[in-house]
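Novice: Pasting a structure below so you can have a look.
The values are calculated or read from the model by the stated rules, or taken from the named source; none is laboratory data. Just so we're clear, the structure is a prediction, and the values are computed from it rather than from any experiment. Cβ placement follows ideal geometry from the backbone for every residue including glycine, while neighbour counts extend to all protein chains displayed.
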Amino acid sequence: MPSRILRKRRLIEGQTTELVIEAPHIAAKAKPGNFVILRVWEEGERIPLTIADADTGAGTITLVFLLMGKTTAHLDTLEAGDDILDLCGPLGRPTEIHKLDGPVICVGGGTGIAAMHHIAKGHHAAGNHVVTIIGARCEDLLLFRDELCSFCPEVLISTNDGSCGRQGFVTDLLVERLTEDKTVAEVVAIGPVPMMRAVAEATRPFGVKTTVSLNSIMVDGIGMCGACRVSVGGETKFACVDGPEFDGHQVDFAGLAARLTSFKEQERLSYEEFKKSHVCQCSK
Ligand SMILES: Cc1cc2nc3c(=O)[nH]c(=O)nc-3n(C[C@H](O)[C@H](O)[C@H](O)COP(=O)(O)OP(=O)(O)OC[C@H]3O[C@@H](n4cnc5c(N)ncnc54)[C@H](O)[C@@H]3O)c2cc1C
Ligand code: FES
């Protein structure tokens with residue numbers, strides 16, 4: 001069913017975009033951790049994007065996407081008032097959120113900060129003390145800082161170049177916090193695979209429950225095709241229906257990283273083709 005884009009905001013020029021989309025049926029059921037699968041044009045591929053926010057009253061959902069290749073570039077050509085051809089969701093198991101005995105630390109890296117924001121909001125609504133740790137290469141690439149500061153009692157920041165917060169990685173701040181505070185009940189991490197892997201390794205010695213959200217390649221999103229399979233604790237799981245969140249200490253991150261690059265050459269070629277045809281259309 002087509003869904004109208006109500007607002008479009010460029011969060012990082014040429015890199016990251018936020019869309020607020022009219023989707024009352026999805027907004028009514030969306031929970032933190034859920035995602036949608038969308039298709040932009042008739043012959044286009046289906047891609048999953050996390051629901052970064054949902055407003056039941058307004059009947060809208062918010063998506064934030066990084067420009068990666070052909071489909072996200074195509075999506076980025078749409079403006080407020082345009083329709084997304086198909087939008088299916090909410091999909092995936094929602095984040096397990098309940099009242100915890102100690103603080104929950106939500107860690108976000110890159111575009112994963114937007115997805116983490118919805119989960120942090122959910123923990124806050126459940127009455128948990130939420131500490132967020134966000135990181136990026138430099139200050140200009142930090143997303144959702146104001147949104148997180150509006151409800152989180154503690155927002156800790158790291159940048160690789162030291163332009164904002166602590167110079168270094170999110171894991172430096174995380175290890176420091178876990179060393180000082182033995183009451184932390186859970187760590188949730190969303191971001192690039194190497195970041196989630198590093199978070200899981202950092203928390204392992206502390207024995208703190210660590211949840212990661214896996215971004216494996218998805219096709220149908222309903223457990224039928226097997227494209228999204230991942231190995232967790234030695235068992236094959238489908239990220240779309242068994243996840244996308246799993247115990248970070250059990251995930252085979254090397255296997256996930258390898259599967260994510262399976263179609264690298266085809267993706268590169270189809271993006272090159274898209275860029276050429278898009279330039280041609282613009283110059284007509
Ligand atoms: C549950 C889930 C939630 C996600 N949420 C977000 C989000 O909120 N924001 C965001 O920017 N990205 C998110 N992603 C990743 C996003 O789906 C990919 O960046 C997107 O599909 C890239 O498509 P493309 O055609 O633009 O790029 P391509 O050039 O086709 O691919 C670039 C890379 O994106 C990944 N990818 C490609 N096709 C798919 C696919 N069908 N499913 C999953 N990954 C794919 C692969 O790693 C690939 O190497 C999520 C992925 C999953 C599984
Ligand atoms: S995407 Fe097809 S089984 Fe998960």
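Novice: Just wondering, is there one or more residues in the stretch 155-168 that are within 30 Å of Cys88 (Cβ to Cβ), modelled with pLDDT of 95 or more and not β-branched (Val, Ile, Thr)?
Specialist: Looking through the stretch 155-168, none of the residues is within 30 Å of Cys88 (Cβ to Cβ), modelled with pLDDT of 95 or more and not β-branched (Val, Ile, Thr).
Novice: With respect to Gly33, is the statement that it is crowded, with 18+ Cβ neighbours inside 10 Å, of a type outside the set (A, V, I, L, M, F, W, C) and in contact with a Ser or Thr (Cβ under 8 Å, 6 or more places away or on another chain) true?
Specialist: Considered against the rule, which asks whether it is crowded, with 18+ Cβ neighbours inside 10 Å, of a type outside the set (A, V, I, L, M, F, W, C) and in contact with a Ser or Thr (Cβ under 8 Å, 6 or more places away or on another chain), Gly33 comes out as yes.
Novice: Based on this model, can you work out whether Gly127 counts as in contact (Cβ under 8 Å) with a residue 40 or more places away in the chain and closer than 21 Å to Val208 by Cα?
Specialist: no
Novice: Restricting attention to the stretch 210-235, which residues are more than 6 Å from ligand 2 (Cβ to nearest atom), buried (at least 16 other Cβ atoms within 10 Å of the Cβ) and hydrophobic (A, V, I, L, M, F, W, C)?
Specialist: Within the stretch 210-235, Val212, Leu214, Ile217, Val230, Val232 qualify.
Novice: Go through (1) surrounded by fewer than 19 Cβ atoms within 10 Å (Cβ to Cβ); (2) within 20 Å of Ala120 (Cα to Cα); (3) at pLDDT 95 or above and name the single condition Pro244 misses.
Specialist: All conditions are met except number (1).
Novice: Here's a follow-up. Of the residues Gly33, Gly81, Gly44, only one is part of a loop (DSSP other than H, G, I, E, B), away from ligand 1 (no atom under 14 Å from the Cβ) and not assigned by TED's automatic domain parsing to the domain that holds Phe151; which?
Specialist: On inspection, the qualifying residue turns out to be Gly81.
Novice: Which of the residues that make up the stretch 48-74 are surrounded by 21 or more Cβ atoms within 10 Å (Cβ to Cβ), of a type in the set (A, V, I, L, M, F, W, C) and touching a residue at least 40 places away in the same chain (Cβ under 8 Å)?
Specialist: Ile51, Ala52, Ala54, Ile61, Leu63, Val64, Phe65
Novice: State whether the residues of the stretch 135-144 include one that is at pLDDT 95 or above, crowded, with 17+ Cβ neighbours inside 10 Å and of a type in the set (A, V, I, L, M).
Specialist: Checking the stretch 135-144: not a single residue is at pLDDT 95 or above, crowded, with 17+ Cβ neighbours inside 10 Å and of a type in the set (A, V, I, L, M).
Novice: When the residues of the stretch 202-233 are filtered to those that are away from ligand 1 (no atom under 13 Å from the Cβ) and free of Cβ contacts under 8 Å to residues at least 12 places away in the same chain, which remaining residue is farthest from Val251 (Cα to Cα)?
Specialist: Top of the filtered list is Met224.
Novice: Given Gly110, Gly127, Gly92, which one is surrounded by fewer than 23 Cβ atoms within 10 Å (Cβ to Cβ) and either at pLDDT below 95 or within 16 Å of ligand 2 (Cβ to nearest atom) (or both)?
Specialist: Residue meeting the stated conditions: Gly110.
Novice: Could you list all residues from the stretch 256-268 that are surrounded by 12 or more Cβ atoms within 10 Å (Cβ to Cβ) and either touching a Gly at 6+ places or on another chain (Cβ under 6 Å) or of a type outside the set (Gly, Ala, Ser) (or both)?
Specialist: Result: Leu256, Arg259, Leu260, Phe263, Glu267, Arg268.
Novice: If the requirement is being over 25 Å from Gly44 (Cα atoms) and either touching an Asp or Glu at 6+ places or on another chain (Cβ under 9 Å) or free of Cβ contacts under 8 Å to residues at least 24 places away in the same chain (or both), which of these qualifies: Asp247, Asp252, Asp181?
Specialist: Exactly one of Asp247, Asp252, Asp181 is over 25 Å from Gly44 (Cα atoms) and either touching an Asp or Glu at 6+ places or on another chain (Cβ under 9 Å) or free of Cβ contacts under 8 Å to residues at least 24 places away in the same chain (or both), namely Asp252.
Novice: With the requirement that a residue be within 19 Å of Val188 (Cα to Cα) and within 16 Å of ligand 2 (Cβ to nearest atom), what does the stretch 252-268 give you?
Specialist: Correct list: Leu256 only.
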